[in-house]
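The values are calculated or read from the model by the stated rules, or taken from the named source; none is laboratory data. The structure displayed is predicted, hence computed values, not measured ones. Backbone-built Cβ (ideal geometry, glycine too); neighbour counts: all protein chains shown.
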Amino acid sequence: MNGLRLPWALAHLAQIGESVGERIPAFFLDFDGTLTQIVAHPDLTALPARTRDVLRLLARDHVVCLVSGRDLPDLRRKVGLAEVHYAGDHGHRIHGKAGSGLELEVGPGDRVELETASYELERRLHPIMGTVVETKGTSISVHYRQVASDKHDLVGQIVKEVADISPGLRLTGGKLVHELRPRLPWDKGRAMLWLLGQLRLRRDDVCPICLGDDLTDEDLFFAARDWGVNIVVGDADRDTRAEYRLANHEEAATLLEAFVVQDEAAQTP
């Protein structure tokens, strides 16, 4: 369904609560555009202090996992919380919360191919002002938010040409970003299922609450279909597997805050 036709999540908190029922909510949250505002350059992204506080409080009683396309060390620096789990590089690298001992890296089959593709992209895109090639542990992102609109097609053409000569990598897209990732049966959704399995949380006992704003978050929504709650954040004018929508990262923080308030009310004598 087109995301613009979805009900507003903040007006349906009771229905979301009914979907959770007696199960334990576990939160799987994208970072850029979901918990933060989209900015011109990925290095400038900052997690609002209010949202960080909400995540810290939420993690006292629930599984909270940041599932992002960012490089894992960068994601951990940006969030700065030891109480939450992290799944960077679209779930290919996982670092559990402090004391959990959980670690996982699903690496590329051929790191040389990844490095070669990164070099080719840097070389071919260098003349186009505003392009940012971000090479991560297991993937490459080409940001073109700052590129003149009449050059967008050229950026896409160059990225496709590099993808075509890199058979071990697959090309995916997002909001003003092209991404090259290993051709592996792994994504954000599989990362979520792996983490829940490691935590011994069965499907009958847990309800994933998934928030995301971009196409790669659809993998998360797919994994949680029929047993979780999927919420798309931001510009939702596209087909999505989500059941609810939120306008922006501030509304996402408000939704998460509602769960914190509910927890505190339940613990009050």
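A few remarks follow.
Here's the yes/no breakdown for (1) over 27 Å from GLY137 (Cα atoms); (2) crowded, with 16+ Cβ neighbours inside 10 Å; (3) small (Gly, Ala, Ser):
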| site | (1), (2), (3) |
| --- | --- |
| LEU176 | no, no, no |
| LYS188 | no, yes, no |
| ARG202 | yes, no, no |
| ASP219 | no, yes, no |
| TRP227 | yes, no, no |
| GLY234 | yes, yes, yes |
| GLU250 | yes, no, no |
| GLN267 | yes, no, no |
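- Restricting the first member to the stretch 201-227 and to residues that are within 22 Å of ASP89 (Cα to Cα) and without any contact (Cβ under 8 Å) to a residue 40 or more places away in the chain, and the second to residues that are surrounded by 14 or more Cβ atoms within 10 Å (Cβ to Cβ) and among the hydroxyl-bearing types (Ser, Thr, Tyr), the beta-carbon pairs closer than 9 Å and six or more apart or on different chains are GLU218/THR240; PHE221/THR240.
- Test: residue in the stretch 127-137 that is buried (at least 21 other Cβ atoms within 10 Å of the Cβ) and assigned to a loop (DSSP other than H, G, I, E, B): yes
- Within the stretch 118-143, residues that are touching a residue at least 40 places away in the same chain (Cβ under 8 Å) sit with their Cβ atoms under 6 Å from residues that are assigned to a loop (DSSP other than H, G, I, E, B) and among the charged types (D, E, K, R), at 6+ positions apart or across chains, in these pairs: LYS136/ASP71; GLY137/ASP71.
- Test result for LEU176, within 29 Å of ASP235 (Cα to Cα) and either at pLDDT 95 or above or in the same structural domain as VAL232 (by TED's automatic domain parsing) (or both): no
- Residue identified as closer than 19 Å to LEU104 by Cα and in contact with a His (Cβ under 9 Å, 6 or more places away or on another chain) among LEU35, LEU29, LEU81, LEU66: LEU66
- Flag for ALA252 being part of a helix (DSSP H, G or I), in the same structural domain as ILE94 (by TED's automatic domain parsing) and within 23 Å of LEU55 (Cβ to Cβ): yes
- Criterion: buried (at least 17 other Cβ atoms within 10 Å of the Cβ), at negative phi and of a type in the set (Lys, Arg) - qualifying residue of ARG93, ARG111: ARG93
- Looking at VAL54, VAL67, just one residue is surrounded by 12 or more Cβ atoms within 10 Å (Cβ to Cβ), in contact with a helix residue (DSSP H, G or I) (Cβ under 6 Å, 6 or more places away or on another chain) and more than 21 Å from ALA265 (Cα to Cα), and that residue is VAL67.
- Output for the stretch 30-50, where each listed residue is of a type in the set (S, T, N, Q) and within 18 Å of ALA87 (Cα to Cα): THR34, THR36, THR45
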